[in-house]
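Working notes, beginning with the structure itself.
The values are calculated or read from the model by the stated rules, or taken from the named source; none is laboratory data. Please read these numbers as outputs of a predicted model, since none were measured by experiment. Because the Cβ atoms are built from the backbone with ideal geometry, glycine has one as well, and the counts that use them run over all protein chains shown. Just the protein is used for accessible areas: all its heavy atoms, side chains included, with ligands, DNA and RNA removed. Shrake-Rupley method; radii C 1.70, N 1.55, O 1.52, S 1.80 Å.
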Amino acid sequence: MSRIGKKPILIPENVEVEINDTLVRVKGPKGQLSRVIPSGIKVKRENNEIIVARTSESKLCKSLHGLVRTLLFNMVKGVTEGYEKVLEMVGIGYRAVKKGNDLEIFVGYSHPVLIKKPEGIDLEVPSPNTIIVRGIDKEEVGRISAAIRAVRKPEPYKGKGIKYQGELIRRKAGKASKK
């Protein structure tokens, strides 16, 4: 039995959960999320808890059991608290500017890079070298953050680039000089 999969998910008071055969909808104060449940996994509601069980002992069902439970937990947490990722820009002249709803990033290229704001995601620029990505869908927040980071990944020699807050960049020694 999956250790993660057998844990029940507590439903907060201000969250509504609707479970059909293959679809789970979670509605809370921050918004609404839905997810299709794969075959072989059964989701039911008992009192104030969501319980995830598998219908067979096949390898596929065992691998999906913990995954589905974690995805549902992330949905419940997302509609109540939300998710956020903070990105930092390191480098001279590196900065971000909010242009309407979109994000314009200057990271040493000959042109600024424009990132379109996806639906359900908030992009915030509290200072020129800090970007905050917020949303209720953990997967989407991570995807957008990774796309912004991919514009200029941190390089190991000077540490310049866009990195997650708290991310450690493994530094390399520069070219050794012969004396």
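General observations
- Within region 118-140, considering residues that are open to solvent by less than 30 Å² (accessible area, probe 1.4 Å) and without any contact (Cβ under 8 Å) to a residue 40 or more places away in the chain, the one nearest to residue 92 (Cα to Cα): 123
- Of all residues making up region 81-117, the number that are under 15 Å from the mean Cα position of the chain (by Cα), on the phi < 0 side of the Ramachandran plot and open to solvent by less than 40 Å² (accessible area, probe 1.4 Å): 3
- Scanning region 47-61 for residues that are touching a residue at least 12 places away in the same chain (Cβ under 8 Å) and open to solvent by 30 Å² or more (accessible area, probe 1.4 Å) returns 48, 49, 51, 53, 54, 55, 56, 58, 60.
- Segments classed as strands (runs of 3 or more DSSP E), wholly inside region 66-127, with at least 2 members that are at pLDDT 95 or above and touching a helix residue (DSSP H, G or I) at 6+ places or on another chain (Cβ under 7 Å): 83-90
- Residues within region 141-179 that are free of Cβ contacts under 8 Å to residues at least 12 places away in the same chain, hydrophobic (A, V, I, L, M, F, W, C) and under 17 Å from residue 87 (Cα atoms), tallied: 3
- Applying the condition of being closer than 27 Å to residue 119 by Cβ, open to solvent by less than 50 Å² (accessible area, probe 1.4 Å) and of a type in the set (Val, Ile, Thr) to region 20-46 and asking which residue is nearest to the chain's Cα centre (by Cα) yields 26.
For (1) over 15 Å from the mean Cα position of the chain (by Cα); (2) among the charged types (D, E, K, R), each residue gets a yes or a no:
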{"position": "73", "(1), (2)": "no, no"}
{"position": "76", "(1), (2)": "no, no"}
{"position": "120", "(1), (2)": "no, no"}
{"position": "156", "(1), (2)": "yes, no"}
{"position": "166", "(1), (2)": "yes, no"}
{"position": "175", "(1), (2)": "yes, yes"}
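- Sole residue being out of contact with any Leu (no Cβ under 9 Å at 6 or more places or on another chain), within 21 Å of residue 106 (Cβ to Cβ) and in a loop (DSSP other than H, G, I, E, B), chosen from 153, 172: 153
Matching residues to (1) modelled with pLDDT under 90; (2) hydrophobic (A, V, I, L, M, F, W, C); (3) under 19 Å from residue 66 (Cβ atoms):
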| residue | (1), (2), (3) |
| --- | --- |
| 5 | yes, no, yes |
| 9 | no, yes, yes |
| 12 | no, no, no |
| 24 | no, yes, yes |
| 27 | no, no, no |
| 30 | no, no, no |
| 36 | no, yes, yes |
| 40 | yes, no, yes |
